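Notes follow the structure.
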Amino acid sequence: MAQARGSGLRALGLAFLLAFGAALLLGPVPLRPWALAEDPAAWPILWELRLPRALLATLVGAALALAGALLQALLRNPLADPALLGVSGGAALGAAAVLSLGAGALASGFAVLPVAGAAFLGALLAVALVLYLGRRGAQLDLSGVLLAGVAINTLCGAGVGLLMMLAGDGGLRSITFWLFGSLANAHWLSPLPLLITLPLVLLLTRSWGQALDQYQLGDREAGHHGLAVGRLQRYGLLIATLLTALAVAVAGIIGFLGLMVPQGLVRAFGPSHRHRLPQAALAGATLLLLADLLARLLLAPAELPVGMLTALLGGPFFLWLLRRQLSRGLGDGA
Amino acid sequence: MTIEGAALTVQGLSLSGLPQPRLRDLSVTLPRGQRLLLAGPNGAGKSSLLDVLSGDVTPSAGTLHWGAGARERWADRRAYLPQRNALAHPFSAAQVVALAGVGASEALDHLEELGIKDWAEHPYPTLSGGLRRLVHCARVLAQLDRLAPEHGWGFFDEPLANLDWRFAGRVLTALGRRAEAGYGMLLAAHELNLALPWAEQVLLLKAGQGEAFGTPETVLTPERLATHWGVRGRFEAEPGGGRLVLDGFVGGP
């Protein structure tokens, strides 16, 4: 049984620490821990480049995977992903609007805060619209929600394109950066919004495991066990929206991470949600650290946007998952 | 065995619906600690009544009285097995039962009571329809057992559908055991040949109205079997149960 397999948090924590260490030491200029004291050039690389970047990868990866795990549980759909629900598109549109107004280079200091705020508002608006359009009566229609998400995402994409045409050169560059998520512009301020939010979310949701499990019974039967279904749905969607929006605000759109990580966790640790959210945070952080490492090393000294890399890995994974679910569905009917 | 003052009293219950009202001015007092069968042809309002009694649906008129000391939260008043289940998540059968808030070993006990312990570790979505239904039945029994017998009600909407006779017998035995312990037990079923011998009292619904409430032989008269179900037959009471004797369809073989 799943309980016998344990929470897996220790193993995931260890993997995360290894990935974090690797992200600090590896790169176009490899660092050796024992030589740090003697090498004066090593400290700026570590302190000004690698450490903020690794911290940002940790927080963005954890936020996206946690949001994905929440959305998959709340929509009762293993194919749900922050990017598919319009959350990412809305956040990108909000951020692009602020950037095109001339907030200028994303990398510069406190610009990250209004941009993050606009991304959050955009995401909130998009997700509210998707949930409103995807309703059947008083209840969420899950395929309706997904279809509405696709449509809203497309509209947001068109809006971003329009803003790009209107924006000046500087704005154009920062908006383009948005569409292919990247951690290349990490500095010490960019992890700040998530550094505050993520621990609070983990604390707030620490006892949600049983509720998310019961929720899988369906609105009605979960309610029979005394679960406040509507409240869980509202808070959960709000948290998933908040985390995605903050992640998109500081790193642009990094797709499929929120889809892949929870799926892998189901395979590794079973279907129970008891430890799912902290598991997702650790595994998401690890995966994005490794993906970013790959993005830095593959074409060194040039680098790939990490969002492009996760899309390259995630697209085929999504299709494989879809085929698997469809062929299973046929097997059920036979 | 009836526990005084703890009956569930329904007064003037109505529930609007289309094309006709689902319940019309239904009044009945349901005693606790008895095996109660909710009978009636398709569309008579059985599920609607269970929905109202379970708090899923607010009636358009009428009141429910749960008796002295009734609990505030619906989840502490009743356990309910609705006619359909929506679960698709790949929990194991034992994990589904544990959703009632019981531990792993208690979940296994409930699966064993219904004779499906061997399937405890199987993923729920891969089980057959009948087995899936039994898993939910075990989950609802687990929830019921967490309530106090003097306050708890168990509502079961067609738990026997799609079950073979052995499993149907297991379910009926399990429900009877809860009635004996003092729980209120109301079972809706179309399998009258199985459920009538089990029942101590029958509430017969017809077009949303309560037509009769009493022992099986007083309620299931040959006339009612013919007009409501279109069969020729009679219920023969015997010590320790009785049996439904059917001679065929009215105007048919």
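The values are calculated or read from the model by the stated rules, or taken from the named source; none is laboratory data. Everything quoted here is computed from the prediction, not taken from an experiment. FYI the Cβ positions are ideal-geometry reconstructions off the backbone, even for glycines, and counts take in every protein chain you see. SASA here: full protein model, heavy atoms, side chains in, ligands and nucleic acids out. Shrake-Rupley method; radii C 1.70, N 1.55, O 1.52, S 1.80 Å.
Go through the residues of region A:98-105 one by one and say whether even a single one is open to solvent by less than 20 Å² (accessible area, probe 1.4 Å) and in contact with an Asp or Glu (Cβ under 6 Å, 6 or more places away or on another chain). Looking through region A:98-105, none of the residues is open to solvent by less than 20 Å² (accessible area, probe 1.4 Å) and in contact with an Asp or Glu (Cβ under 6 Å, 6 or more places away or on another chain).
For A:Ala247, the test of being small (Gly, Ala, Ser), farther than 30 Å from B:Val102 by Cα, outside any loop (DSSP other than H, G, I, E, B) and open to solvent by less than 30 Å² (accessible area, probe 1.4 Å) is passed. Tell me whether region A:168-189 contains one or more residues that are without any contact (Cβ under 8 Å) to a residue 12 or more places away in the chain and buried (at least 20 other Cβ atoms within 10 Å of the Cβ). No: zero hits.
For (1) of a type in the set (Val, Ile, Thr); (2) surrounded by fewer than 15 Cβ atoms within 10 Å (Cβ to Cβ); (3) at pLDDT 95 or above, each residue gets a yes or a no:
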| site | (1), (2), (3) |
| --- | --- |
| B:Ala188 | no, no, yes |
| B:Leu194 | no, no, no |
| B:Val202 | yes, no, yes |
| B:Gln209 | no, no, no |
| B:Gly230 | no, yes, no |
| B:Gly240 | no, yes, no |
| B:Val245 | yes, yes, no |
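In the set A:Ile253, A:Ile196, only one residue is among the aliphatic types (A, V, I, L, M) and in a loop (DSSP other than H, G, I, E, B); that residue is A:Ile253. Within region B:101-116, the residues that satisfy the criterion of being open to solvent by 10 Å² or more (accessible area, probe 1.4 Å) and within 13 Å of chain A (Cβ to nearest Cβ) are B:Gly101, B:Val102, B:Gly103, B:Ala104, B:Ser105, B:Leu108.
When A:Ala268 is tested against (1) away from every other protein chain (no Cβ under 14 Å); (2) surrounded by fewer than 16 Cβ atoms within 10 Å (Cβ to Cβ), just one condition goes unmet, and that condition is (1). Name the residue, out of A:Ala80, A:Ala69, A:Ala73, that is open to solvent by less than 20 Å² (accessible area, probe 1.4 Å), within 14 Å of chain B (Cβ to nearest Cβ) and in a loop (DSSP other than H, G, I, E, B). Checking each option against the conditions leaves just A:Ala80. Each residue in region B:77-93 was checked for being of a type in the set (Ser, Thr, Tyr) and either free of Cβ contacts under 8 Å to residues at least 12 places away in the same chain or under 19 Å from B:Arg146 (Cβ atoms) (or both), and 1 of them qualify. The criterion of at least 2 residues that are touching a residue at least 12 places away in the same chain (Cβ under 8 Å) and out of contact with any strand residue (DSSP E or B) (no Cβ under 9 Å at 6 or more places or on another chain) is met, among helices (runs of 4 or more DSSP H) falling completely within region B:155-253, by B:165-180. For region B:5-29, a tally of residues being open to solvent by less than 80 Å² (accessible area, probe 1.4 Å) and assigned to a strand (DSSP E or B) returns 12.
Among the residues making up region B:63-80, those that are open to solvent by less than 70 Å² (accessible area, probe 1.4 Å) and at the interface with chain A (Cβ under 9 Å from one of its Cβ atoms) are B:Ala75, B:Asp76, B:Arg78, B:Ala79, B:Tyr80. You will find that of A:Arg234, A:Arg220, the residue that is open to solvent by 40 Å² or more (accessible area, probe 1.4 Å), away from chain B (no Cβ under 14 Å) and either of a type in the set (D, E, K, R) or in contact with a strand residue (DSSP E or B) (Cβ under 8 Å, 6 or more places away or on another chain) (or both) is A:Arg234 and no other.
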